[in-house]
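Single-structure report; data block below.
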Amino acid sequence: MVVTFNTLVPLYLVLLPMLTGILLYLFPKDRLLIHKVGAMVVSLFSMIGVIWLLPYVLQGEIFCGLTKFMELGLYFSIDLISWIFASLITLVYFLVILFSFSYMDQDHNPRRYYSFLFFTLGAILGVVFAGDFFSFFIFFEILTLSSFVLVIHKQDRDSLQAGSLYLYMNIIGGLALLFAILLLYDKSGHLDMIPVLEELGAQRLPILFLFMICFGIKIGLVPFHIWAPPAYSAAPSPVTVVMAGIMSKVGIYGILRVSLILFRPADGGSVSDWIFIFNSGYILMWIGIVTMIGGALMALLQSNTRRILAYSSISQVGYIAAGLGVAVFMGLEGAKGFTGALYHIANHTVFKAGLFTMIGVVYLLTHELDLSRLGGMARKMPLVTVTFVITALGIAGIPGFNGFTSKILLHNAMLEAYKHYDIYGIFVAERFFIIAGALTICYLIKLFKGVFLGPVPGKLDQDYKMPVSASIALVVYAILVLGVGVLPNLLLERLLIPGAQLLDFSAYNIEHLPGFDFYEWFPLQKALVVVLLALFIYMPASARGWFDWTPPSWLSIQKLIFEPLWNLVLKFLFREINVNDMALGQFYEHPVKENLQTEYLSDMEVVQDPADDETGQSAYYISGKGLDRGRHLEKDFYCSPRWDQCKWRVENLGFDTLLFAFVLAVILFIAFLYVN
């Protein structure tokens, strides 16, 4: 029996960062010490508050409800799964704050940065604490707005264009989420995160499709990843840590809740229900495989350090998606796929946040991101070098480091799935899984060699003083990578297996997970195969310069798919607008006025006779005014994705205050409803 604890703590943990963001924004810009102290205290308090909830979620779930909020209610529910996400979020956020102390000393507008950084924290916690999809949607949209401000923090051309693409894609994702929620409510009559597969009927496929579009965009699954590399490259380094290490987990959390809870039968299910579950999980697994291979290949072809890590992050979330896919189509026997995916979520949060922080420190000290202008940093930054090697070995899946544990679980889950179903496609997916691991090692070698080995460029040949706060963050990341690798069963048995027991996996399947032997010969053999394959790929490819090849600009998903699709949609819309405009114009009465000559003088070279009938006037209006306006609108809309955003000559964005007012209004509205 599940024990439910009713408390307002989840609400406090969500509102505290948002209120902190408002308060920090009220202090003058030059009070940097106040911003730092406030950021440190609140991030530490959030982390401690989440840790304090652990004994309660191990016994049951924590619930908080504001039943009168917008008639649908605002609900928070924390179980062990959402607690794991929240603990990772607050831990990395605390380390991001430490890194930000050093980084923002050299950047502009720290007040806005810290304010929206905490708005983002509150929104992320609101998403993972959400007890229903309405609450989920509210905080999901707040997250999009607040993180957009962080992406465009620099306010230069690159950041504004990257922010625009980020905003467009996330608006599409938000609309997909909204339509999915509306369909879900129409078919089931509620928005609770409980199994409802039987109730959805023929709408199950479009609902699942819309959910996956939304969450696929948020985490950067192929082909929805196009926003990630520009955003990661243009945003401040601490923001890239948040985006790669934390914000991507919001989409993963959504996929987990939808695929393993919402789209499950409540009463055993029919054969057609389980066929639907199998097909959806199988497709999700292959989306993950394509994402991990595509991301790794693109990472190999980059010369910008942040873009390498951006595509690396895309590739690594492919591992998680593949694991969740296996857990879905294995049904009641999917515990190993789930625990492997959840383990990789934890590991990815640590090593990806660590790598972005380490490259961020290199950029902070050298102001260089391109591999061709870097090199020899091992002699200049020994601490960064050592921690980078440890973290890179973690993401590479080398035994003794954290990534090895989760990748072994994921690989074993795929082998079990192939043994269970004997489907050749699963065997092929497992082979690609091995290849993706080898490609991961290849781009990490390229990155390490370009940044830390070789001669030091002349202008970078100087002594660098490591910031103390950034050094602490780097050491913590390295300790976490080593700690999980040395004691892999500690996290597995204390948190991940109890998390799997919350779902409908069979007890027999879960019983085989405690005491899993990560360091027997078979897992070590697979790791050795991956390393040898990586060397087999890297050495000849590097010698022939294959990794230095720059793909043509047209060879991208954005150029081949999204831009033609965008143009096609616009052409269709404007054609329909003009047709309807002309049709309505025929029925529009234009009374003859005495000053008709004056009205049309600016638009016509020949002045019309007032005796002309209304049909002629309407025809002129249609052919002249309507089509001319349509051409201008079409031109404006076609240029909108690529506008010259450098014309925004403002020191601070105009909507800062508006967004603050919106969030403050939501907070006050919630408080008002609670009081009443």
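The values are calculated or read from the model by the stated rules, or taken from the named source; none is laboratory data. Note that the coordinates shown come from a computational prediction; the quantities given were computed from them, not determined experimentally. Cβ coordinates were reconstructed from backbone atoms using ideal geometry, including for glycine residues, and neighbour counts include every protein chain displayed. Ligands, DNA and RNA are stripped out before the accessible areas are found, and what is left, the full protein with its side chains, is counted by its heavy atoms. Shrake-Rupley method; radii C 1.70, N 1.55, O 1.52, S 1.80 Å.
Out of 419, 407, which single residue is part of a helix (DSSP H, G or I), open to solvent by 50 Å² or more (accessible area, probe 1.4 Å) and on the phi < 0 side of the Ramachandran plot? Walk me through how you get there before you give the answer.
Values: 407 fails: open to solvent by 50 Å² or more (accessible area, probe 1.4 Å).
Unique residue meeting the criteria: 419.
Picking from 129, 224, which residue would you name as being free of Cβ contacts under 8 Å to residues at least 60 places away in the same chain and either at positive phi or of a type in the set (Phe, Trp, Tyr) (or both)? Don't jump to the end; show me each part of the working.
On the way: 129 fails: free of Cβ contacts under 8 Å to residues at least 60 places away in the same chain.
Every option except 224 fails the conditions.
Which of the residues spanning segment 350-371 are polar (S, T, N, Q) and surrounded by 24 or more Cβ atoms within 10 Å (Cβ to Cβ)? Write out each step before concluding.
In the first step, residues of segment 350-371 are kept if they are polar (S, T, N, Q); the result is 357, 366.
357 - this is the single residue of segment 350-371 that is polar (S, T, N, Q) and surrounded by 24 or more Cβ atoms within 10 Å (Cβ to Cβ).
So that you can scan it fast, the table gives a plain yes or no per residue for (1) farther than 30 Å from residue 184 by Cα; (2) surrounded by fewer than 23 Cβ atoms within 10 Å (Cβ to Cβ); (3) of a type in the set (Gly, Ala, Ser):
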| site | (1), (2), (3) |
| --- | --- |
| 254 | no, no, yes |
| 257 | no, yes, no |
| 261 | no, yes, no |
| 282 | no, yes, no |
| 294 | yes, yes, yes |
| 305 | yes, no, no |
| 309 | yes, no, no |
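Residue 167 fails exactly one of the following numbered conditions: (1) more than 14 Å from the chain's Cα centre (by Cα); (2) at pLDDT 90 or above; (3) open to solvent by 10 Å² or more (accessible area, probe 1.4 Å). What is the number of that condition?
(1)
Going through 87, 100 one at a time, which residue ends up being touching a residue at least 12 places away in the same chain (Cβ under 8 Å), open to solvent by 10 Å² or more (accessible area, probe 1.4 Å), of a type outside the set (A, V, I, L, M, F, W, C) and part of a helix (DSSP H, G or I)? I'd like the intermediate steps shown before the answer.
Values: 100 fails: open to solvent by 10 Å² or more (accessible area, probe 1.4 Å).
Selected residue: 87, the only one of 87, 100 that is touching a residue at least 12 places away in the same chain (Cβ under 8 Å), open to solvent by 10 Å² or more (accessible area, probe 1.4 Å), of a type outside the set (A, V, I, L, M, F, W, C) and part of a helix (DSSP H, G or I).
Identify, from the list 283, 308, the residue that is part of a helix (DSSP H, G or I), closer than 21 Å to residue 354 by Cβ and among the β-branched types (Val, Ile, Thr).
Values: 283 fails: closer than 21 Å to residue 354 by Cβ.
Going through 283, 308 in turn, just one is part of a helix (DSSP H, G or I), closer than 21 Å to residue 354 by Cβ and among the β-branched types (Val, Ile, Thr): 308.
For residue 399, work out the one condition from (1) farther than 23 Å from residue 472 by Cβ; (2) assigned to a helix (DSSP H, G or I); (3) open to solvent by 40 Å² or more (accessible area, probe 1.4 Å) it doesn't fulfil.
Among (1) farther than 23 Å from residue 472 by Cβ; (2) assigned to a helix (DSSP H, G or I); (3) open to solvent by 40 Å² or more (accessible area, probe 1.4 Å), residue 399 violates only (2).
Restricting attention to segment 513-528, report how many residues are open to solvent by 70 Å² or more (accessible area, probe 1.4 Å) and in contact (Cβ under 8 Å) with a residue 40 or more places away in the chain.
So the count comes out to 1.
Between a residue in segment 438-462 that is without any contact (Cβ under 8 Å) to a residue 40 or more places away in the chain and open to solvent by 30 Å² or more (accessible area, probe 1.4 Å) and any residue that is β-branched (Val, Ile, Thr) and not in a loop (DSSP other than H, G, I, E, B), which pairs come within a Cβ distance under 9 Å, given they are 6 or more apart or on different chains?
The qualifying pairs are 459/366.
Condition check ((1) aliphatic (A, V, I, L, M); (2) farther than 17 Å from residue 16 by Cα; (3) touching a strand residue (DSSP E or B) at 6+ places or on another chain (Cβ under 9 Å); (4) not assigned by TED's automatic domain parsing to the domain that holds residue 86) across all residues:
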site	(1), (2), (3), (4)
107	no, yes, no, no
114	no, no, no, no
124	yes, no, no, no
142	yes, no, no, no
